[in-house]
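The values are calculated or read from the model by the stated rules, or taken from the named source; none is laboratory data. Every value quoted in this text rests on a predicted model; they were computed, and no experiment measured them. Virtual Cβ from ideal backbone geometry, glycine too; neighbours counted across all protein chains shown. All accessible areas refer to the heavy atoms of the entire protein, side chains included, with ligands and DNA or RNA removed. Shrake-Rupley method; radii C 1.70, N 1.55, O 1.52, S 1.80 Å.
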Amino acid sequence: MSSLTREVEARRTFAIISHPDAGKTTITEKLLLLGGAIQLAGTVKGRKSGRMATSDWMKMEQERGISITTSVMQFPYHGRTVNLLDTPGHEDFSEDTYRTLTAVDSCLMVIDGAKGVEDRTIKLMEVCRLRDTPIFTFVNKMDREVRDQIEVLDEVEDILKIQCAPITWPIGMGKQFKGVYNLYTDTIHVFKPGQASVIPDDIQIKGLESEEARALLGDLHEDLTEEIELVRGASHEFDLEEYLAGRMTPVFFGTALSNFGVREMLDDFVKWAPSPIPRETSDRIIAADEESFSGFVFKIQANMDPKHRDRIAFLRICSGKYTRNMKMKHVRIGKDIKIADAVTFLAGDRSHVDEATSGDIIGLHNHGTIQIGDTFTQGEMLKFMGIPHFAPELFRRVRLRDPLKLKQLQKGLQQLSEEGATQLFMPVNNNDLILGAVGVLQFDVVMRRLKDEYNVDALYEPVNVNTARWVDCSDTKKLEEFKRKCADNLSIDGGGHLAYLAPTRVNLSLAEERYPDVVFRTTREH
Ligand code: G4P
């Protein structure tokens, strides 16, 4: 086995999907603690944007470059190198959140044990489905009065259409929470309170029927034994292949806040989660351990440092290695460029290092030549697939305060849409400029950047659009008829593609029914 293959096989690149407040930030912090990347839990907290106004968050992001240091967090664990990619979740939820999911090999789904499956999780799972991404599940907040967990797993299976295979099972909940029982190793992991910010003691009791277990559980013992039997009968047995195919999720329980159950999950995660997977390109499938470097850009972060107008393009390495000063081919523009100062993200810090391996993320300084979806190689002219635009769900019409600035506005919106900050739609029947976004913060970012970078003073107006679909039809005659009849709903997007803007869901369903030969897509390739 080559040393590259060995390094690639040690990589675990993943993201967390969850609904706001389920505990993503808290669990991230505990993962970093377990990985030795931070000394004391409590340091990631400041990043949380949930309880801050949008403008505060943006200021904070600018002043401290906060989101780049937490955008990718790399830490070692049990001989593996773990890359955790942040998925913006509160007001900062955006298309970036979705696209980050195209740059990982697997996901960890965090569910609030009291709330079960929530909206945002459903949406993020839909994105994971596009690539059958393997999913680990952590059911959080067992230190609270949560719901019947069998019911919660039924909900996951019904709504998210994925089979659940509990690996651990909670013993009690709320004040009675005693730990978790591993169904496969017949081991109780005992919860000891008061260890939220240190690596917790690893207290194990072997055997549910052991004297020690009986002593620990007292009256609870009988109930737990019955419950475990029920769980074994009612749930699926874990099957690694099914997990890797995205059809089954191993489920773990615990409390991120009290720092319990996370380690038990992480131990199995680094064993079972896939190492960097082969990636599809326009020409061929690229294996992660090919020697030749390749990768794609999935996110561009602007205004990291207000003094430098610093933009960073996040590139997921799909094969080979990055080394300092290496030459890469920027495939779309057909040029070779020398990359001297890529940023890496070791231990949550933004630092310049000399090497990064397939599966890792590097940040390239970008002065406007890099777009989302761009491929970089060591010469081969190919393009990575599956880094799409996602149909926006929020829309605004842009109005200029100064009509003489129309050219700048168009240019600005075009560039910002190429960069992925937002999506631009130009109706075929009028001269409106409509912006579409997945998260509301995207609109604020665009407005501010129009002002700062293009000197354009504009404002938003509401527009009667509920959702968008990219449309296509192999039969040109039928396409022409569709275009004629639906002209009022059709727009050209920033990339020159035809899109159907629907004022309501019902309108969209009717259009889909009426034109069965037209394909309505929720994603579009860059
Ligand atoms: P998010 O990133 O997914 O939005 O969630 P975050 O970790 O910020 O957690 C949301 C809230 O849930 C926080 O409380 C956090 O302390 C709490 N929480 C996380 N894990 C657990 C858990 O295992 N048990 C309990 N009981 N609570 C948990 P908050 O009061 O909203 O914020 P804060 O004041 O603690 O910062």
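Tabulated values for the structure
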{"item": "Solvent-accessible area per residue for the range 443-516 (1.4 angstrom probe, square angstrom)", "result": "53 Å²"}
{"item": "The range 66-126 - Kirkwood radius from inverse mean 1/r over Cα pairs (Å)", "result": "13.2 Å"}
{"item": "Ranked order, VAL8, VAL428, VAL463 - accessible area, probe 1.4 Å, largest first", "result": "VAL428, VAL463, VAL8"}
{"item": "Bins of 10 Å, starting at 0 and running to the largest distance - Cα pair percent for the range 227-272", "result": "23, 43, 33, 1"}
{"item": "Efficiency of FRET between ASP267 and THR369 - r from beta-carbon atoms, R0 51 angstrom, step 0.05", "result": "0.75"}
{"item": "Dipole magnitude of the chain about its Cα centre (Cβ charges: Lys, Arg +1; Asp, Glu -1), debye to nearest 20", "result": "2480 debye"}
{"item": "Spatial extent of the range 100-140: Rg and Dmax, with the Cα atoms as the point set, Å", "result": "10.3, 30"}
{"item": "Rotationally averaged projected area of the range 102-168 (alpha carbon convex hull; nm²)", "result": "4.6 nm²"}
{"item": "Heavy-atom accessible area ranking, 1.4 Å probe, most first, across GLU419, GLU151", "result": "GLU151, GLU419"}
{"item": "Over the range 105-214 - Rg/Rh using Cα atoms and the Kirkwood inverse-distance radius", "result": "1.01"}
{"item": "Share of alpha-carbon pairs per 10 Å distance bin for the range 391-525, given as whole %", "result": "12, 45, 30, 12, 2"}
{"item": "Nearest-ten-degree value, helix 119-129 long axis tilted from longest Cα axis of the chain", "result": "80 degrees"}
{"item": "Local electrostatic count, ARG263, Cβ distance below 9 Å [Lys/Arg +1, Asp/Glu -1]", "result": "-2"}
{"item": "Extension gain from GLU291 to THR523, taking 0.36 nm per residue of separation minus the Cα-Cα distance", "result": "80.4 nm"}
{"item": "Of all accessible heavy-atom area on the chain, the percent that carbon and sulfur account for (1.4 Å)", "result": "49 percent"}
{"item": "Rough spin-label spacing in nm, given labels placed 7 Å along Cα→Cβ, for GLU512 and ALA245", "result": "2.6 nm"}
{"item": "Entries in LYS178/LYS271; LYS30/LYS178; LYS299/LYS451; LYS321/LYS383; LYS299/LYS327; LYS407/LYS451 that, when Cα-Cα distance is taken, lie over 24 Å", "result": "LYS178/LYS271"}
{"item": "Under 25 Å from the Cα of LYS485 - lysines, other chains or at least 8 residues apart", "result": "LYS477"}
{"item": "Radius 10 Å from Cβ of MET426, net charge of other residues (Lys, Arg +1; Asp, Glu -1)", "result": "-2"}
{"item": "Helix 24-34 axis, angle to the chain major axis (alpha carbon atoms, nearest 10°)", "result": "60 degrees"}
{"item": "Computed over the range 249-304, Cα set: Rg, Dmax in Å", "result": "17.6, 49"}
{"item": "Calculated [θ] (222 nm, deg cm²/dmol) that DSSP helices of n ≥ 4 give over the chain, each run adding -39,500 (n - 2.57)", "result": "-8500 deg cm²/dmol"}
{"item": "Accessible area per residue, Å², the range 183-250 with all protein chains present, probe 1.4 Å", "result": "60 Å²"}
{"item": "Net charge contributed by nearby residues that have their C-beta within less than 12 Å of HIS330 (K/R +1, D/E -1)", "result": "+4"}
{"item": "Cα convex hull of the chain, projected area averaged across orientations, nm²", "result": "25.9 nm²"}
{"item": "Under 18 Å from the VAL440 label point (7 Å along Cα→beta-carbon), backbone N, the range 401-432", "result": "422-423"}
{"item": "Gained length - MET381 relative to ALA215, 0.36 nm times residue gap less alpha-carbon distance", "result": "53.2 nm"}
{"item": "Gain upon complete extension [LYS338, GLU355; 0.36 nm per residue less C-alpha separation]", "result": "4.7 nm"}
